[in-house]
Structures are given as C-alpha cells and as structure tokens.
Amino acid sequence: MRESDVTELSQRIIDNVDRVIVGKRGVTELVLVALLCEGHVLVEDVPGVGKTTLARAVARSIGGQFRRIQFTPDLLPSDISGIVFFNQKTGEFEMRPGPIFGNILLADEINRATPRTQSALLEAMEERTVTIEGDTMPLPRPFLVLATENPVELEGTFPLPEAQLDRFFLRVELGYPEPEDELKLLARFQTSNPLDELGPVTSPEELLAAVGACRAIYVDEELRQYIIEISRATRVHETIRLGVSPRGTLALFRASQALAAIRGRAYVIPDDVKLLSSAVLSHRVMLSPEARLRGRRAGQIIEGIVNEVSVPVEHI
C-alpha cells in the first residue's frame with residue numbers, strides 16, 4: 001500500500017466518523033494516528049462529550065468488533081481477560097473469553113478500578129497477549145484501547161501512575177463543541193441516532209496494510225535529531241520532575257510518520273512533530289510540586305519546550 005492509499009483510507013474513516021461526531025475531525029485524526037501506529041488512547045474529559053460514541057463510530061468504520069468495560073472498584077482482572085470453567089454438560093474445561101478480545105475496547109472510567117485490575121489491562125495493551133490458566137493467547141489485530149478518565153470527579157478513583165500512563169500512545173481531549181457544531185448535533189439527532197446507520201468503510205485487513213505503509217514514511221536525519229532534542233529538553237526542564245522516556249521518543253517518531261501518511265505525504269515535516277508533541281508527550285512527564293501548585297499544565301509546558309527547540313531547516 002502506498003501513502004496515497006493511506007490518505008484515501010484515512011479520509012474515508014474520518015468522514016464516516018464525522019457523520020456522528022460533529023466538529024471533532026482533529027480528534028478523530030489523532031485516534032486514527034494511534035490506530036495506524038497500533039497504540040492506545042487516553043481520553044480525559046467530562047461526561048457527555050461523546051467519548052463512547054467516538055469509540056463506537058471508529059469501530060463501525062473499520063468493520064471491527066466493539067467491546068466496552070465499565071470500570072468499577074469491584075472489577076476483577078478475570079472480568080477483563082476471561083475465565084476457564086468446567087462445563088458439566090460436556091465434562092470438559094472451557095474458556096469464556098472476556099471483553100478484551102475485540103478490536104476497539106472502550107475502558108470507561110479506567111481510574112475507578114483498583115491498581116491490580118488496571119495493571120491487568122495495561123499488560124495486555126503492551127504485550128498484546130492474554131494469559132489465562134497458563135495459556136497465552138494473542139489479541140486480535142487491529143487492537144485499540146480507548147480509555148476514559150473524568151478529570152472532575154475524583155472521589156473513589158485510583159489515578160494511573162506515571163509508569164502506566166506511559167503505556168498510552170497519546171492523550172486527547174474532546175472538549176465542548178462550538179455553538180454552530182452543537183446546532184448541527186441537534187439537527188442530526190432530532191429524529192434518529194446516526195450511529196445506528198453507520199456502516200464500515202474499510203476492513204481490519206486493509207487497516208493493517210496501512211499500518212505497514214506508515215512505517216515506510218521517510219524521516220530525515222535532522223528531523224530524527226529534532227524529535228530527540230524535544231524529549232531531552234523535557235528531562236532537564238525546571239518544571240518537570242520526570243521527563244519523557246525513550247518509549248515516548250519512539251511514539252512521537254511513529255506518530256509523525258502516520259500523520260504524514262494521513263495528510264498525503266511520503267515524508268515527515270517539522271509541523272507534524274509540533275502538532276503531535278503535546279498529545280504524545282504531555283501525559284508522559286511528571287511535573288514538579290512547585291509547577292503543580294502554580295497550576296501549570298503539562299500540555300502547555302510541552303508546547304513551550306517545542307517552541308524553544310530549534311527547528312531544522314532545509315539547506316539550499
């Protein structure tokens with residue numbers, strides 16, 4: 001598959017999701033970046049802005065299987081992965097797979113589960129396998145976990161530690177729609193839910209071919225150095241206690257390749273790196289206590305760092 005094919009495929013998916021999620025093409029594009037990089041997305045936003053609808057729309061658009069888990073304090077790891085039970089009718093042990101065996105998994109309010117259950121999901125995200133009673137089984141491809149957090153309601157939650165946040169490829173916020181977009185939303189949902197009529201515009205097999213094509217996108221040596229310099233700057237910044245890991249550097253590199261392919265280019269440009277830096281890196285840093293007391297946000301600090309790092313220019 002060529003980059004032009006990836007671009008055409010991406011526009012099909014984004015246009016299809018846009019039939020349901022109004023005015024959030026940029027967010028859909030970021031989720032598609034994660035899909036093409038086989039990463040996972042953390043959505044941090046208030047209830048009612050369309051997080052569940054976004055996950056369902058993406059799943060239907062790619063012809064994939066959608067699964068949803070409502071995280072609660074009493075949720076067990078086996079409720080996610082599945083169990084092995086004894087079938088009295090057949091006299092044999094059988095496996096009952098859990099909801100993790102799907103293409104798009106919505107982990108709703110992931111911070112309401114205990115750390116043990118959170119770890120079970122994040123291990124599957126990283127290894128892309130699940131072990132039940134000693135048997136290790138691969139997860140389907142493509143496999144995307146879209147986990148949600150409510151930043152307002154903190155009572156009864158177990159915040160994800162930084163080491164686990166680092167497993168998410170990027171973090172996005174949907175935010176409230178603009179007034180004109182909210183008017184379109186009312187019109188679309190007046191008589192029926194457009195999600196009910198949403199059909200697939202591609203297949204998991206075609207999407208996996210696009211994943212391979214993104215890896216072939218050219219990244220100049222100076223741009224590679226630019227990405228590294230951004231990561232290194234986070235490790236020495238006065239407001240950051242813990243900087244970006246090498247996993248974060250690689251994620252920014254992969255994401256830039258995918259965004260370039262989505263936008264119809266066979267090469268990465270500095271603007272790709274700039275646009276993605278906050279979404280890919282902001283959840284991977286730990287701010288100093290002083291910065292938190294002053295109300296500083298990681299995304300704003302990352303944007304400031306990106307503006308300070310010298311951008312590579314073409315030599316004529």
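Counting just the residues of region 78-122 that are among the charged types (D, E, K, R) and in contact with a Ser or Thr (Cβ under 9 Å, 6 or more places away or on another chain), which one comes out nearest to Pro161 (Cα to Cα)? Give the derivation first.
Start the filter on region 78-122 by keeping residues that are among the charged types (D, E, K, R), which leaves 79, 89, 92, 94, 96, 108-109, 112, 116.
Add one more test, that the residue is in contact with a Ser or Thr (Cβ under 9 Å, 6 or more places away or on another chain), and what stays is 79, 108-109, 112.
Values: Asp79: 22, Asp108: 17, Glu109: 15, Arg112: 13 Å.
Ranking the candidates gives Arg112 first.
Name every residue in region 110-144 that is of a type in the set (D, E, K, R) and surrounded by fewer than 19 Cβ atoms within 10 Å (Cβ to Cβ), in order of residue number.
Just the residues of region 110-144 that are of a type in the set (D, E, K, R), to begin with: 112, 116, 123, 126-128, 133, 135, 141.
Hits for region 110-144 are Arg116, Glu123, Glu126, Glu127, Arg128, Glu133, Asp135, Arg141.
Can you tell me which of Gly64, Gly23 is in contact (Cβ under 8 Å) with a residue 60 or more places away in the chain and surrounded by fewer than 21 Cβ atoms within 10 Å (Cβ to Cβ)?
None of the others qualify; the one that does is Gly23.
For the condition in contact with a His (Cβ under 6 Å, 6 or more places away or on another chain) and not in a strand (DSSP E or B), what is the one hit in Phe168, Phe158?
After ruling out the rest, the residue left standing is Phe168.
For region 67-95, which positions are loosely packed, with under 11 Cβ neighbours inside 10 Å and either assigned to a loop (DSSP other than H, G, I, E, B) or under 29 Å from the mean Cα position of the chain (by Cα) (or both)?
Once the filter is applied, which keeps residues that are loosely packed, with under 11 Cβ neighbours inside 10 Å and either assigned to a loop (DSSP other than H, G, I, E, B) or under 29 Å from the mean Cα position of the chain (by Cα) (or both), region 67-95 yields Asp74, Gln88, Lys89, Thr90, Gly91.
Here's a check for you: in region 26-52, which residue that is more than 15 Å from the chain's Cα centre (by Cα) and either at negative phi or part of a helix (DSSP H, G or I) (or both) is surrounded by the most Cβ atoms within 10 Å (Cβ to Cβ)?
Looking at residues that are more than 15 Å from the chain's Cα centre (by Cα) and either at negative phi or part of a helix (DSSP H, G or I) (or both), I get Val49.
Can you work out which of the residues in region 183-217 that are among the acidic types (Asp, Glu) and closer than 22 Å to Val33 by Cα is surrounded by the most Cβ atoms within 10 Å (Cβ to Cβ)?
To start, the set of residues in region 183-217 that are among the acidic types (Asp, Glu) comprises 196-197, 205-206.
Still in the list and also closer than 22 Å to Val33 by Cα: 205-206.
Numbers: Glu205: 10, Glu206: 15.
So the residue we want is Glu206.
Looking only at region 171-203, which residues are β-branched (Val, Ile, Thr) and assigned to a loop (DSSP other than H, G, I, E, B)? Break it down into steps so the answer makes sense when it comes.
Here is the first cut: in region 171-203, the ones β-branched (Val, Ile, Thr) are 172, 191, 201-202.
Hits for region 171-203 are Thr191, Val201, Thr202.
Quick test for you: out of Arg254, Arg265, pick the one residue that is of a type in the set (D, E, K, R), in a loop (DSSP other than H, G, I, E, B) and either under 25 Å from the mean Cα position of the chain (by Cα) or outside the structural domain of Met1 (by TED's automatic domain parsing) (or both). Let's see the steps before the verdict.
Working: Arg254 fails: in a loop (DSSP other than H, G, I, E, B).
The match here is Arg265.
Of everything in region 192-225, what is of a type outside the set (Val, Ile, Thr) and closer than 14 Å to Gln257 by Cα? Give them in sequence order.
Step one: of region 192-225, the residues of a type outside the set (Val, Ile, Thr) are 192-200, 203-210, 212-216, 218, 220-225.
The answer is Ala210, Gly212, Ala213, Cys214, Arg215, Ala216, Tyr218, Asp220, Glu221, Leu223, Arg224.
Could you list, in sequence order, all residues of region 229-249 that are under 18 Å from Cys37 (Cβ atoms) and part of a helix (DSSP H, G or I)?
Filtering region 229-249 for residues under 18 Å from Cys37 (Cβ atoms) gives 230-231, 244-249.
Across region 229-249, the qualifying residues are Ile230, Ser231, Pro246, Arg247, Gly248, Thr249.
If you scan region 220-236, which residues turn out to be surrounded by fewer than 19 Cβ atoms within 10 Å (Cβ to Cβ) and of a type outside the set (D, E, K, R)? If you could, list the steps in order and put the result at the bottom.
Taking region 220-236 as the starting set, the residues that turn out to be surrounded by fewer than 19 Cβ atoms within 10 Å (Cβ to Cβ) are 220-222, 224-225, 228-229, 232-233, 235-236.
Of everything in region 220-236, those that are surrounded by fewer than 19 Cβ atoms within 10 Å (Cβ to Cβ) and of a type outside the set (D, E, K, R) turn out to be Gln225, Ile228, Ala233, Val236.
Would it be correct to say that Asn87 is within 30 Å of Pro179 (Cα to Cα), among the polar types (S, T, N, Q) and not assigned by TED's automatic domain parsing to the domain that holds Ala255? Write out each step before concluding.
Details: within 30 Å of Pro179 (Cα to Cα): no; among the polar types (S, T, N, Q): yes; not assigned by TED's automatic domain parsing to the domain that holds Ala255: yes.
Spelling it out, it is not the case that Asn87 is within 30 Å of Pro179 (Cα to Cα), among the polar types (S, T, N, Q) and not assigned by TED's automatic domain parsing to the domain that holds Ala255.
Considering only residues that are surrounded by 14 or more Cβ atoms within 10 Å (Cβ to Cβ), over 23 Å from Leu223 (Cβ atoms), among the charged types (D, E, K, R) and in contact (Cβ under 8 Å) with a residue 24 or more places away in the chain, which ones fall in region 284-315?
Of everything in region 284-315, just one residue is surrounded by 14 or more Cβ atoms within 10 Å (Cβ to Cβ), over 23 Å from Leu223 (Cβ atoms), among the charged types (D, E, K, R) and in contact (Cβ under 8 Å) with a residue 24 or more places away in the chain, namely Arg296.
For (1) in contact with an Asp or Glu (Cβ under 8 Å, 6 or more places away or on another chain); (2) modelled with pLDDT of 90 or more; (3) not small (Gly, Ala, Ser), each residue gets a yes or a no:
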residue: Val145; (1), (2), (3): no, yes, yes
residue: Glu149; (1), (2), (3): yes, no, yes
residue: Leu154; (1), (2), (3): no, no, yes
residue: Pro161; (1), (2), (3): no, no, yes
residue: Asp166; (1), (2), (3): no, no, yes
residue: Arg171; (1), (2), (3): yes, yes, yes
residue: Leu174; (1), (2), (3): yes, no, yes
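The values are calculated or read from the model by the stated rules, or taken from the named source; none is laboratory data. Everything numeric here is computed off the predicted structure, so don't read it as measured data. All Cβ positions, glycine included, derive from the backbone under ideal geometry; neighbour counts span all protein chains shown.
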